[in-house]
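Accompanying notes for the structure given below.
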Amino acid sequence: MTFAGSPDRVEARLVPEDGYPFDAFAVAGFPRRPGPAQLRAFALAAAAPVACLRILERRRPDVVLGGGGYVAGPMVLAARLRGIPAALTEADAHLGLANRLAAPFAERVFLALPVPGRDGSKYVAVGRPVPARSQAVPRAQARESLGLPAEGPVVLVFGGSLGARLLNDIAIGAWADQGPAVLHLSGERDYASLRGRVSRRDYHLLPFIDGIGLAYGAADVAVARAGGSVWELAAAGLPAVLVPGEFATGGHQRKNAEWFARAAGAVVVPEAEVQRVPQLVESLLVDSERLAAMAAAMLAAAKPDAAGRIADELVELAAARR
(Lines give C-alpha, C1' and ligand atoms only; values in the text may rest on other atoms or scores of the structure.)
Protein backbone atom coordinates (compact mmCIF):
# COMPACT_ATOMS: atom_id res chain seq x y z
CA MET A 1 0.00 0.00 0.00
CA THR A 2 1.30 3.44 -0.97
CA PHE A 3 -0.09 6.96 -0.60
CA ALA A 4 -0.10 10.02 -2.82
CA GLY A 5 -1.10 13.59 -2.12
CA SER A 6 -0.11 17.22 -1.90
CA PRO A 7 3.35 18.13 -0.59
CA ASP A 8 1.76 21.08 1.24
CA ARG A 9 -0.77 19.14 3.32
CA VAL A 10 -0.44 17.23 6.56
CA GLU A 11 -0.34 13.84 4.81
CA ALA A 12 3.13 14.66 3.49
CA ARG A 13 4.35 14.45 7.09
CA LEU A 14 2.01 11.89 8.66
CA VAL A 15 2.26 9.16 6.01
CA PRO A 16 6.08 8.82 6.08
CA GLU A 17 6.01 9.02 9.89
CA ASP A 18 3.81 5.91 9.88
CA GLY A 19 6.24 4.12 7.60
CA TYR A 20 4.33 4.17 4.30
CA PRO A 21 5.69 5.30 0.91
CA PHE A 22 4.38 8.72 -0.13
CA ASP A 23 4.35 10.29 -3.61
CA ALA A 24 3.71 14.02 -3.79
CA PHE A 25 2.13 15.92 -6.68
CA ALA A 26 1.15 19.58 -6.93
CA VAL A 27 -2.57 20.33 -6.74
CA ALA A 28 -4.78 22.96 -5.10
CA GLY A 29 -8.45 23.46 -4.28
CA PHE A 30 -10.54 25.81 -6.41
CA PRO A 31 -11.23 29.17 -4.73
CA ARG A 32 -14.85 30.23 -5.12
CA ARG A 33 -13.94 33.75 -6.24
CA PRO A 34 -12.23 34.55 -9.55
CA GLY A 35 -8.67 35.77 -9.28
CA PRO A 36 -5.01 34.73 -9.53
CA ALA A 37 -5.43 31.91 -6.99
CA GLN A 38 -8.21 30.40 -9.09
CA LEU A 39 -6.07 30.58 -12.25
CA ARG A 40 -3.21 28.88 -10.42
CA ALA A 41 -5.55 26.14 -9.19
CA PHE A 42 -6.78 25.50 -12.75
CA ALA A 43 -3.19 25.30 -14.02
CA LEU A 44 -2.23 22.81 -11.30
CA ALA A 45 -5.38 20.78 -11.96
CA ALA A 46 -4.50 20.52 -15.64
CA ALA A 47 -0.99 19.28 -14.87
CA ALA A 48 -1.85 17.00 -11.93
CA PRO A 49 -3.21 14.00 -13.92
CA VAL A 50 0.10 13.81 -15.84
CA ALA A 51 2.01 13.66 -12.56
CA CYS A 52 -0.44 11.04 -11.29
CA LEU A 53 0.08 8.92 -14.42
CA ARG A 54 3.81 8.90 -13.67
CA ILE A 55 3.14 7.80 -10.09
CA LEU A 56 0.86 4.97 -11.29
CA GLU A 57 3.46 3.88 -13.82
CA ARG A 58 6.04 3.63 -11.06
CA ARG A 59 3.85 2.01 -8.39
CA ARG A 60 1.67 -0.21 -10.63
CA PRO A 61 -1.25 -0.55 -8.17
CA ASP A 62 -4.14 -2.97 -8.62
CA VAL A 63 -6.70 -0.50 -7.26
CA VAL A 64 -6.85 3.19 -6.29
CA LEU A 65 -8.85 4.74 -3.43
CA GLY A 66 -9.51 8.49 -3.39
CA GLY A 67 -10.18 9.94 0.06
CA GLY A 68 -12.40 12.75 -1.23
CA GLY A 69 -11.38 16.35 -1.77
CA TYR A 70 -9.48 17.97 -4.58
CA VAL A 71 -6.38 15.76 -4.16
CA ALA A 72 -8.29 12.61 -5.12
CA GLY A 73 -9.71 13.76 -8.45
CA PRO A 74 -6.54 13.81 -10.60
CA MET A 75 -5.45 10.39 -9.33
CA VAL A 76 -8.84 8.80 -9.96
CA LEU A 77 -8.85 10.27 -13.49
CA ALA A 78 -5.33 8.96 -14.09
CA ALA A 79 -6.39 5.53 -12.84
CA ARG A 80 -9.25 5.49 -15.35
CA LEU A 81 -6.87 6.43 -18.15
CA ARG A 82 -4.62 3.50 -17.21
CA GLY A 83 -7.49 1.04 -16.79
CA ILE A 84 -6.99 0.70 -13.03
CA PRO A 85 -10.20 0.37 -10.98
CA ALA A 86 -10.75 3.27 -8.60
CA ALA A 87 -13.10 4.15 -5.76
CA LEU A 88 -13.93 7.27 -3.75
CA THR A 89 -15.00 7.92 -0.17
CA GLU A 90 -17.41 10.65 0.95
CA ALA A 91 -17.34 11.54 4.65
CA ASP A 92 -20.52 13.62 4.84
CA ALA A 93 -24.21 13.48 4.01
CA HIS A 94 -23.52 15.66 0.98
CA LEU A 95 -21.44 14.69 -2.05
CA GLY A 96 -18.78 17.38 -2.29
CA LEU A 97 -17.83 19.16 -5.50
CA ALA A 98 -14.55 17.27 -5.91
CA ASN A 99 -16.28 13.92 -5.55
CA ARG A 100 -19.07 14.94 -7.91
CA LEU A 101 -16.45 15.74 -10.55
CA ALA A 102 -14.45 12.56 -9.91
CA ALA A 103 -17.38 10.13 -9.53
CA PRO A 104 -17.76 9.41 -13.29
CA PHE A 105 -14.22 7.95 -13.29
CA ALA A 106 -14.77 5.71 -10.22
CA GLU A 107 -16.30 2.26 -10.08
CA ARG A 108 -17.44 2.65 -6.46
CA VAL A 109 -18.30 5.61 -4.25
CA PHE A 110 -18.40 4.76 -0.55
CA LEU A 111 -20.88 7.07 1.19
CA ALA A 112 -21.05 7.80 4.90
CA LEU A 113 -24.83 8.20 4.61
CA PRO A 114 -27.32 7.64 1.81
CA VAL A 115 -27.32 10.63 -0.55
CA PRO A 116 -30.53 11.31 -2.51
CA GLY A 117 -30.08 10.58 -6.21
CA ARG A 118 -26.87 8.60 -5.64
CA ASP A 119 -27.92 4.98 -5.75
CA GLY A 120 -27.36 1.81 -7.75
CA SER A 121 -24.39 -0.53 -7.40
CA LYS A 122 -21.87 2.31 -7.76
CA TYR A 123 -22.91 4.10 -4.56
CA VAL A 124 -22.63 2.15 -1.30
CA ALA A 125 -23.52 3.65 2.11
CA VAL A 126 -21.03 2.09 4.52
CA GLY A 127 -20.61 4.72 7.26
CA ARG A 128 -17.29 6.37 7.98
CA PRO A 129 -14.19 4.47 9.10
CA VAL A 130 -13.03 5.34 12.63
CA PRO A 131 -9.24 5.38 13.20
CA ALA A 132 -7.87 3.23 16.00
CA ARG A 133 -6.69 6.34 17.87
CA SER A 134 -10.29 7.62 17.91
CA GLN A 135 -11.80 4.54 19.52
CA ALA A 136 -13.03 5.18 23.05
CA VAL A 137 -10.70 4.23 25.91
CA PRO A 138 -12.34 2.65 29.02
CA ARG A 139 -13.71 5.35 31.30
CA ALA A 140 -11.56 4.79 34.39
CA GLN A 141 -8.37 4.67 32.32
CA ALA A 142 -9.35 7.72 30.26
CA ARG A 143 -10.20 9.87 33.26
CA GLU A 144 -7.03 8.93 35.10
CA SER A 145 -4.91 9.70 32.04
CA LEU A 146 -6.53 13.11 31.62
CA GLY A 147 -6.60 14.02 35.32
CA LEU A 148 -10.39 14.19 35.39
CA PRO A 149 -12.53 13.26 38.43
CA ALA A 150 -13.07 9.51 38.69
CA GLU A 151 -16.72 10.05 39.67
CA GLY A 152 -19.39 12.44 38.48
CA PRO A 153 -20.36 13.72 35.04
CA VAL A 154 -17.88 15.04 32.49
CA VAL A 155 -18.78 17.20 29.49
CA LEU A 156 -16.60 17.11 26.37
CA VAL A 157 -16.55 20.28 24.26
CA PHE A 158 -14.69 20.32 20.96
CA GLY A 159 -14.92 21.77 17.49
CA GLY A 160 -12.41 19.97 15.31
CA SER A 161 -8.71 20.67 14.84
CA LEU A 162 -9.16 24.46 14.62
CA GLY A 163 -11.81 24.58 17.30
CA ALA A 164 -15.16 26.33 17.04
CA ARG A 165 -15.28 29.85 18.47
CA LEU A 166 -19.02 29.74 19.03
CA LEU A 167 -18.75 26.58 21.14
CA ASN A 168 -15.64 27.85 22.90
CA ASP A 169 -17.39 31.02 24.04
CA ILE A 170 -20.58 29.31 25.15
CA ALA A 171 -18.71 26.67 27.18
CA ILE A 172 -16.40 29.15 28.91
CA GLY A 173 -19.29 31.48 29.65
CA ALA A 174 -21.40 28.74 31.21
CA TRP A 175 -18.93 26.52 33.07
CA ALA A 176 -15.59 28.29 33.61
CA ASP A 177 -16.49 29.15 37.23
CA GLN A 178 -18.91 26.39 38.21
CA GLY A 179 -20.80 23.39 36.89
CA PRO A 180 -19.93 19.86 35.80
CA ALA A 181 -16.37 18.77 35.08
CA VAL A 182 -15.42 19.81 31.56
CA LEU A 183 -12.84 18.61 29.06
CA HIS A 184 -12.65 21.46 26.56
CA LEU A 185 -10.54 21.04 23.41
CA SER A 186 -10.52 24.59 22.11
CA GLY A 187 -8.18 24.29 19.13
CA GLU A 188 -4.91 26.18 18.85
CA ARG A 189 -6.48 29.35 17.44
CA ASP A 190 -8.44 30.37 20.56
CA TYR A 191 -6.52 28.62 23.32
CA ALA A 192 -4.33 31.55 24.39
CA SER A 193 -7.30 33.91 24.69
CA LEU A 194 -9.38 31.41 26.67
CA ARG A 195 -7.01 29.91 29.22
CA GLY A 196 -7.02 32.96 31.48
CA ARG A 197 -10.81 32.76 31.81
CA VAL A 198 -10.87 29.34 33.51
CA SER A 199 -10.83 29.45 37.31
CA ARG A 200 -11.43 25.89 38.55
CA ARG A 201 -9.40 22.70 38.61
CA ASP A 202 -11.98 20.37 37.07
CA TYR A 203 -12.34 22.51 33.95
CA HIS A 204 -9.60 21.08 31.71
CA LEU A 205 -8.90 23.42 28.82
CA LEU A 206 -6.50 22.06 26.20
CA PRO A 207 -5.81 23.10 22.60
CA PHE A 208 -6.02 19.44 21.49
CA ILE A 209 -5.01 15.93 22.51
CA ASP A 210 -3.33 13.34 20.33
CA GLY A 211 -5.51 10.47 21.55
CA ILE A 212 -9.07 11.72 21.07
CA GLY A 213 -10.28 8.28 22.16
CA LEU A 214 -9.32 9.29 25.71
CA ALA A 215 -11.74 12.22 25.49
CA TYR A 216 -14.55 10.06 24.13
CA GLY A 217 -14.06 7.48 26.87
CA ALA A 218 -13.95 10.03 29.69
CA ALA A 219 -17.11 11.97 28.81
CA ASP A 220 -20.80 11.45 29.50
CA VAL A 221 -21.98 13.86 26.82
CA ALA A 222 -20.31 15.82 24.02
CA VAL A 223 -20.97 19.32 22.70
CA ALA A 224 -19.64 19.47 19.16
CA ARG A 225 -20.06 20.52 15.57
CA ALA A 226 -21.40 17.90 13.16
CA GLY A 227 -18.60 17.16 10.73
CA GLY A 228 -17.08 13.75 10.23
CA SER A 229 -16.32 13.39 13.94
CA VAL A 230 -19.98 12.55 14.61
CA TRP A 231 -19.16 9.02 13.42
CA GLU A 232 -16.48 8.78 16.10
CA LEU A 233 -18.98 9.92 18.72
CA ALA A 234 -21.40 7.27 17.52
CA ALA A 235 -18.78 4.52 17.61
CA ALA A 236 -17.97 5.57 21.19
CA GLY A 237 -21.65 5.48 22.18
CA LEU A 238 -21.35 9.08 23.34
CA PRO A 239 -24.58 11.13 23.46
CA ALA A 240 -24.14 14.48 21.77
CA VAL A 241 -25.53 17.98 21.59
CA LEU A 242 -24.67 19.00 18.03
CA VAL A 243 -24.47 22.58 16.77
CA PRO A 244 -24.07 22.26 12.97
CA GLY A 245 -21.95 24.89 11.30
CA GLU A 246 -24.01 27.06 8.97
CA PHE A 247 -20.83 27.60 6.92
CA ALA A 248 -20.71 23.95 5.84
CA THR A 249 -21.00 23.38 2.09
CA GLY A 250 -24.35 21.98 1.01
CA GLY A 251 -25.59 22.05 4.61
CA HIS A 252 -23.78 18.76 5.19
CA GLN A 253 -23.25 19.35 8.91
CA ARG A 254 -26.98 19.90 9.39
CA LYS A 255 -27.71 16.71 7.46
CA ASN A 256 -25.16 14.76 9.51
CA ALA A 257 -26.65 16.06 12.75
CA GLU A 258 -30.22 15.33 11.72
CA TRP A 259 -29.31 11.74 10.86
CA PHE A 260 -28.11 11.06 14.41
CA ALA A 261 -30.97 13.04 15.91
CA ARG A 262 -33.47 10.84 14.05
CA ALA A 263 -31.61 7.85 15.47
CA ALA A 264 -32.28 9.39 18.95
CA GLY A 265 -28.58 9.58 19.82
CA ALA A 266 -28.13 13.34 19.50
CA VAL A 267 -29.94 16.64 20.03
CA VAL A 268 -29.53 19.32 17.35
CA VAL A 269 -29.29 22.99 18.31
CA PRO A 270 -29.15 25.61 15.52
CA GLU A 271 -26.42 28.24 15.80
CA ALA A 272 -29.06 30.91 16.39
CA GLU A 273 -30.17 29.06 19.54
CA VAL A 274 -26.72 28.16 20.90
CA GLN A 275 -27.51 29.81 24.24
CA ARG A 276 -29.74 26.80 24.95
CA VAL A 277 -26.78 24.43 24.98
CA PRO A 278 -25.60 24.70 28.64
CA GLN A 279 -29.10 24.19 30.10
CA LEU A 280 -29.78 21.34 27.69
CA VAL A 281 -26.52 19.61 28.63
CA GLU A 282 -27.18 19.99 32.34
CA SER A 283 -30.69 18.57 31.93
CA LEU A 284 -29.24 15.51 30.18
CA LEU A 285 -26.65 14.97 32.92
CA VAL A 286 -29.37 14.58 35.57
CA ASP A 287 -31.45 12.23 33.39
CA SER A 288 -29.47 9.00 33.49
CA GLU A 289 -32.18 7.00 31.70
CA ARG A 290 -32.23 9.36 28.74
CA LEU A 291 -28.44 9.46 28.56
CA ALA A 292 -28.30 5.65 28.56
CA ALA A 293 -30.91 5.49 25.80
CA MET A 294 -29.00 8.05 23.72
CA ALA A 295 -25.74 6.14 24.20
CA ALA A 296 -27.39 2.94 23.00
CA ALA A 297 -28.89 4.78 20.03
CA MET A 298 -25.51 6.19 19.01
CA LEU A 299 -23.97 2.72 19.10
CA ALA A 300 -26.86 1.36 17.04
CA ALA A 301 -26.41 4.11 14.42
CA ALA A 302 -22.64 3.62 14.22
CA LYS A 303 -21.17 1.42 11.51
CA PRO A 304 -18.01 -0.04 13.05
CA ASP A 305 -17.43 -2.29 10.05
CA ALA A 306 -17.06 0.62 7.59
CA ALA A 307 -13.30 0.22 7.12
CA GLY A 308 -13.61 -3.53 6.66
CA ARG A 309 -16.37 -3.19 4.08
CA ILE A 310 -14.36 -0.67 2.07
CA ALA A 311 -11.26 -2.88 2.23
CA ASP A 312 -13.22 -5.95 1.08
CA GLU A 313 -14.71 -4.08 -1.88
CA LEU A 314 -11.29 -2.76 -2.89
CA VAL A 315 -9.90 -6.30 -2.87
CA GLU A 316 -12.84 -7.42 -5.05
CA LEU A 317 -12.18 -4.59 -7.52
CA ALA A 318 -8.51 -5.47 -7.68
CA ALA A 319 -9.25 -9.19 -8.12
CA ALA A 320 -11.71 -8.49 -10.93
CA ARG A 321 -8.99 -6.62 -12.82
CA ARG A 322 -6.69 -9.62 -12.63
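If Rh is defined by the Kirkwood formula over all Cα pairs and Rg also comes from Cα, what ratio Rg/Rh do you get for segment 31-102? All intermediate terms of the calculation are to be shown ahead of the outcome.
On the way: Rg = 13.1 Å, Rh = 13.0 Å.
Computed over Cα atoms, the ratio is 1.01.
When only Cα pairs under 8 Å and 6 or more residues apart are kept, what is the percent relative contact order across segment 140-291?
Averaging sequence separation for qualifying contacts and normalising by length gives 21 percent for segment 140-291.
Kirkwood Rh and Cα-based Rg: tell me the resulting Rg over Rh for the chain, rounded to two decimals.
On the way: Rg = 21.1 Å, Rh = 21.1 Å.
Checking Rg against Rh, the ratio lands at 1.00.
If the elastic network links every pair of Cα atoms under 10 Å, which of 20, 123, 70 fluctuates the most in the Gaussian network model of the chain?
20
Out of every Cα pair in segment 48-147, what percent are spaced more than 22 Å from each other?
That fraction is 41 percent.
Which helices pass in the chain if a helix is a full DSSP H run, must span at least 18 angstrom along its long axis by Cα, and must have mean Kyte-Doolittle hydropathy not below 1.0?
Flagged H segments are 288-301.
Once neighbouring chains are kept in place and the probe is 1.4 Å, which whole percent of the accessible area of segment 110-221 is contributed by carbon and sulfur? Kindly include the intermediate steps, with their values, before the conclusion.
Details: 2700 of 5380 Å².
Result for segment 110-221: 50 percent of the exposed heavy-atom area is carbon or sulfur.
Below 8 Å, C-alpha to C-alpha, sequence gap of six or more: please give me the relative contact order for segment 1-133 in percent.
15 percent
Could you order 2, 89 so the one with the most accessible surface comes first? Probe is 1.4 Å.
So, going from the largest accessible area down, we get 2, 89.
Treat every Asp and Glu Cβ in segment 173-283 as -1 and every Lys and Arg Cβ as +1, leave all other atoms uncharged, and give the resulting dipole magnitude about the Cα centre to the nearest 20 debye.
Here the size comes out at about 60 debye.
Return the single residue from 92, 287, 220 with maximal mean-square fluctuation; model: Gaussian network over the chain, springs between Cα atoms under 10 Å.
It is 287.
Normalised by the number of residues in the chain, what is the relative contact order in percent for Cα pairs under 8 Å and 6+ residues apart?
Worked out over the chain, it gives 14 percent.
Output needed for segment 222-322: three equivalent-ellipsoid semi-axes, defined as square roots of 5 times the C-alpha gyration tensor eigenvalues, in descending order, whole Å. Don't skip to the answer; put the middle values down first.
Values: eigenvalues 198, 61, 12 Å².
Values for segment 222-322, descending: 31, 17, 8 Å.
About the Cα centre of segment 277-318, how large is the charge dipole given +1 on each Lys and Arg Cβ and -1 on each Asp and Glu Cβ? Please answer in debye to the nearest 20. Walk me through the intermediate numbers first.
Values: 3 positive and 7 negative charges, 18 e Å.
That gives a dipole near 80 debye.
Would you calculate the separation in nanometres between label points at residue 316 and residue 97, each defined as 7 Å from the Cα along the Cα-to-beta-carbon direction?
So the two model labels end up 3.3 nm from each other.
For segment 56-136, with every protein chain kept in place, what is the accessible area per residue (1.4 Å probe, Å²)?
Accessible surface, normalised per residue, equals 45 Å².
Once you wrap a convex hull around the alpha carbon atoms of segment 151-222, what is its projected area averaged over all directions, in nm²?
Result: a mean projected hull area of 4.4 nm².
The values are calculated or read from the model by the stated rules, or taken from the named source; none is laboratory data. None of these values were measured; they are calculated from a predicted model. Methodologically, a virtual Cβ is constructed for each residue, glycine included, from the backbone with ideal geometry; neighbour enumeration extends over all protein chains shown. We work out accessible area using only protein heavy atoms, side chains counted, and drop any ligands, DNA or RNA first. Shrake-Rupley method; radii C 1.70, N 1.55, O 1.52, S 1.80 Å.
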